[in-house]
Amino acid sequence: MLRTIVLSLCLGLGLSLVATPARAAAPADAAAASPAGANADAQGIELFEQKIRPVLVERCYQCHSADAEEIQSNLVLDSRESIRRGGDTAPAIVPGKPEESLLLEAIRYQGLEMPPDGKLPDRVIADFERWIALGAPDPRDEATTAPEQPQIDIEAGKSHWAFQPPQRHEPPTVQNAGWVERPIDAFILARLEEAGIAPSPAADRRTLIRRVTFDLVGLPPTPQEVEDFINDTSPDAYERVVARLLDSPHYGERWARLWLDIGRYAEDQAHIVGDDKSLFYPNAYLYRDWVIEAFNHDMPYDLFLRLQLAADLMEDRSEADQVALGFIGLGPKYYSRRSKEVMAEEWSDRVDTVTRGLLGLTVACARCHDHKYDPIPTEDYYALAGVFASTEMFNKPLDEKREKKDNGQAEKPEDALHVVRDEDKPVDLHVFVRGNVKQEGSLAPRHFLHVLAEDEPLPLQNGSGRRDLAEAIADPENPLTARVIVNRIWGQNFGRPLVGTPSNFGKLGDEPTHPELLDDLAVRFIESGWSLKWLQKEIVLSAAYRQQSHDRADQQAVDPTNRLLGRMNRKRLDVERWRDAMLSASGRLDAAVGGESIRPDDPDARRRTVYSYVSRLDLNSMLAKFDFPDPNAHAARRNLTTTPLQKLFVLNHPLMDQLATALAARVCDTCDDHAERIDSAYMLLYSRPASDQERALGLDYLQADSKDEDVRQRWVQYAQVLLAANETLVLD
């Protein structure tokens with residue numbers, strides 16, 4: 001950090017400063033043990049008073065003195081003690097050693113450039129060099145220091161709720177015990193009763209099966225599935241629906257997309273010039289397929305994390321598991337990879353992806369300085385960055401018999417599995433002072449976060465440290481990992497997470513609305529073997545999940561934002577479920593699981609939207625219009641926007657024309673009666689028959705002309721109106 005101090009040595013140089021009178025000379029240091037030494041000190045002091053002090057006063061004191069309005073880099077230069085002590089990193093001068101003095105390096109413009117508005121004359125630089133060589137005699141004996149900088153108190157920081165181990169909690173006692181279906185409900189109901197609010201009635205069966213089917217598999221229920229559930233009066237009818245959906249191969253397709261958002265999944269790079277094929281990942285879909293299968297097979301979440309960070313370093317893992325390393329291997333990759341500035345950006349992305357996505361902490365905020373709010377020192381950031389500095393992106397050959405480069409990588413991208421491996425020589429990084437790679441501070445050996453350690457943080461020193469990092473994150477004693485994923489899953493099902501900032505559990509993040517519930521679910525999730533399907537079942541079988549979503553005046557008066565969950569939140573479908581629902585209703589959905597990517601706005605593309613090609617360089621325009629996250633950045637949650645471009649797409653895009661044509665053909669081919677056709681369309685799209693008013697409006701339009709060809713075209717237009725309706729996009 002010394003270099004940073006020197007960098008900011010004279011930030012005020014560009015101003016026209018009025019020099020203050022030089023302070024009266026004080027007796028020289030008494031260190032001279034001989035007449036020769038005394039003579040050298042005398043020369044040095046004379047040089048200091050005539051040549052050095054005036055420059056410091058005129059060019060540096062505005063930013064680097066005790067009287068400065070804002071001291072830069074914690075460096076003050078108006079006393080002997082402070083100039084030798086230095087600021088954030090090390091001494092600005094080393095007496096007798098000009099080449100080790102960062103002050104001299106700065107005024108020579110050797111990497112550092114101070115003063116920033118123009119280099120000092122060569123004669124002035126020579127004066128500083130001579131003065132330092134003489135031992136930097138300095139008569140200023142006043143003890144001036146920069147104000148003490150606040151230090152992170154790690155132990156005090158551990159008192160924050162997110163760093164406390166989650167605990168099991170007995171479900172609270174409630175008055176309306178008959179409403180409780182799962183332990184979740186007791187926690188919800190206790191808060192409602194405390195606020196004087198009753199829970200909402202259960203949703204009707206049509207609404208419930210539509211809701212749970214969209215939530216668990218991302219598709220609408222078929223008309224037959226709706227009718228079967230309505231007619232099934234057995235006590236376990238709903239539980240059997242949930243079990244069927246959790247066993248569906250489409251479950252993984254729905255829930256993999258949540259994880260792909262977290263991992264910033266993409267199939268190319270944002271900085272592509274010409275036809276550089278090395279920055280395209282034609283086999284990225286193999287990682288996506290791996291994630292889908294992991295969800296379908298209910299892979300324990302702790303193993304799921306370990307494999308994605310360190311499958312290549314784990315014993316007894318199959319070759320198929322190596323695909324999991326695409327979590328990092330498909331990350332951003334920049335040009336000029338030999339440049340430390342460029343690599344620092346990649347390391348920052350890796351740290352941010354892992355810590356915000358898996359731990360709910362903004363560790364990358366400590367890249368340039370200690371975290372301003374959370375107990376995360378800069379050293380911790382560089383300790384984690386060192387893990388990724390010791391890891392390289394690797395194009396592993398899909399077939400070892402294919403041609404390989406000298407370094408073992410596949411010759412062609414289309415023959416490669418895009419993963420990671422350890423560098424030959426792991427490294428520990430120095431802290432980059434204020435994020436500047438040219439200003440190295442203290443060494444930061446690879447280790448886990450101080451705030452998550454009882455005493456000293458866990459070293460991450462085996463190879464790159466990825467395996468150690470994976471174990472630390474997936475450790476059941478880690479207070480964050482289970483909480484973070486439980487909160488994300490809850491938010492997807494309820495439309496609002498318990499912690500409103502799902503990627504920031506730190507001091508600036510939201511506190512949980514139901515802290516005991518979050519803790520209890522996190523502990524039971526771990527005890528269930530980290531089973532995500534157990535968690536899903538626990539949530540969707542709750543009475544809280546099954547409530548109506550209708551607004552109520554009494555609840556609005558007390559809890560207008562529904563923080564206490566006195567009703568179900570109405571949810572807007574993401575672009576994946578919206579497009580898939582329209583494909584399903586029109587009979588055009590190809591339900592095959594897995595495989596290569598599609599263009600979702602291609603009218604001929606019939607596979608689910610999770611298989612869309614995701615580009616960092618040029619995100620598909622349909623995805624971009626409907627709030628799909630930019631894979632170049634972290635997405636804590638999907639944005640929700642309503643724009644004219646969305647409706648123009650619905651009205652004019654060829655995809656919508658083809659879907660409307662297919663839906664019209666499907667319902668027209670079932671029967672000849674318009675009323676029955678209308679009900680069929682409503683069942684396919686909304687899981688309900690049309691109301692009398694809706695049916696009458698449809699008949700008025702469809703029967704306006706009796707010609708067969710005109711009727712079919714009217715049906716296409718009518719079908720497009722139904723596809724464009726809000727009910728296609730909103731889930732009650």
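The values are calculated or read from the model by the stated rules, or taken from the named source; none is laboratory data. In this text the structure is predicted, and so the values were computed from the model without any measurement. When we count neighbours, we look across all protein chains shown, and the Cβ atoms used for this are built from the backbone with ideal geometry, even at glycine. The protein model used for the area step is the full one, side chains on, heavy atoms only, and it has no ligands, DNA or RNA in it. Shrake-Rupley method; radii C 1.70, N 1.55, O 1.52, S 1.80 Å.
Annotations for the structure displayed:
- Of the GluC sites (Glu not before Pro) found in the range 421-489, those in coil by DSSP whose Cβ has at most 15 other Cβ atoms within 10 Å are GLU423, GLU454, GLU477.
- Note on ARG570 and TYR334: the model spin-label points, each 7 Å out from Cα along the C-beta direction, lie 4.5 nm apart.
- Candidate lysines - alpha carbon under 20 Å from LYS97, same-chain residues fewer than 8 apart omitted: LYS51
- Among 328-334, 603-609, the order from most to least packed when residues are scored by Cβ within 10 Å on average: 328-334, 603-609
- Label-to-label distance, nm, for residues given as LEU651 and HIS297 (7 Å Cα→Cβ offset): 4.9 nm
- FRET efficiency estimate (nearest 0.05) - Cβ-Cβ, ARG563 to THR233, R0 41 angstrom: 0.70
- The range 343-452: relative contact order as a whole-number percent, Cα under 8 Å and 6+ apart: 27 percent
- Reported label for calculated Rg and Dmax of the Cα atoms in Å given [x] 30.0, 108; [y] 32.6, 121; [z] 42.4, 157: [y]
- Local electrostatic count at ARG677 - Lys and Arg +1, Asp and Glu -1, tallied over other residues with Cβ under 12 Å: -1
- Annotation: lysines with alpha-carbon distance below 30 angstrom to LYS507 (same-chain offsets under eight excluded): LYS158, LYS372, LYS571.
- Note on GLU181 and GLU423: with the Förster distance fixed at 56 Å, the Cβ-Cβ geometry gives a FRET efficiency of about 0.60.
- Degrees separating the helix 122-133 axis from the principal Cα axis of the chain, which is the longest one: 80 degrees
- Per residue, in Å², the accessible surface of the range 629-732 once ligands and nucleic acids are set aside, probe 1.4 Å: 52 Å²
- Amide H within-cut-off set for THR222, under 5 Å, with H built and near neighbours excluded: none
- For the pair ASP141 and ASP554, the difference between a 0.36 nm per residue extended length and the Cα-Cα distance amounts to 141.4 nm.
- For the chain: relative contact order, % (alpha-carbon pairs under 8 angstrom, 6 or more apart): 14 percent
- Applying both filters, DSSP loop and at most 15 other Cβ atoms within 10 Å, to the GluC sites (Glu not before Pro) of the range 528-631 gives GLU596.
- For the range 300-340, the carbon plus sulfur part of the accessible surface works out to 48%, probe radius 1.4 Å.
- The range 235-349: relative contact order as a whole-number percent, Cα under 8 Å and 6+ apart: 27 percent
- Put the Cα centre of the range 506-536 next to the Cα centre of the range 167-184 and the gap is 16 Å.
- Length released on extending from ARG402 to GLN713, taking residue separation times 0.36 nm less the Cα-Cα span: 106.5 nm
- When peptides 565-572, 220-227 are ranked by their average number of other Cβ atoms within 10 Å per residue, the highest-first order is 565-572, 220-227.
- The trypsin sites (Lys or Arg not before Pro) of the range 643-713 that meet both conditions, a loop assignment by DSSP and at most 11 other Cβ atoms within 10 Å of the site Cβ, are LYS707.
- Gain upon complete extension [LYS119, GLU319; 0.36 nm per residue less C-alpha separation]: 66.1 nm
- Rolling a 1.4 Å probe over the protein heavy atoms gives the range 263-376 an accessible area of 37 Å² per residue.
- Cβ-derived FRET efficiency at R0 30 Å, ARG637 paired with ASP455, nearest 0.05: 0.25
- Both the radius of gyration and Dmax for the range 196-259 are 13.2, 43 Å, in that order, over alpha-carbon atoms.
- Between the Cα long axis of helix 708-724 and the first principal axis of the chain there is an angle of about 40°, rounded to the nearest 10.
- A 1.4 Å probe run over the range 429-485, with the rest of the protein chains in place, finds 38 Å² accessible per residue.
- Overall form of the range 158-299 per C-alpha gyration tensor (a/c, 1.5; a/b vs b/c): oblate
- Percent of beta bridges antiparallel (DSSP, the chain, rounded to nearest 5): 90 percent
- Spin-label model distance (nm) - GLU527 vs GLN151, 7 Å beyond Cα toward Cβ: 4.1 nm
- Calculated mean residue ellipticity at 222 nm for the chain: -12000 deg cm²/dmol, from DSSP H runs with n ≥ 4 weighted as -39500 (n - 2.57), summed, divided by the residue count and rounded to 500.
- Folded to 0 to 90 degrees: helix 692-702 orientation relative to the chain principal axis, Cα: 80 degrees
- Heavy-atom SASA rank of ILE154, ILE473 (probe 1.4 Å, accessible area, largest first): ILE154, ILE473
- Measuring nothing but protein heavy atoms, the accessible surface of the range 156-211 at 1.4 Å probe radius is 49 percent carbon and sulfur.
- Accessible area ranking (1.4 Å probe, heavy atoms, ligands and nucleic acids excluded), largest first, for THR481, THR661, THR233: THR233, THR661, THR481.
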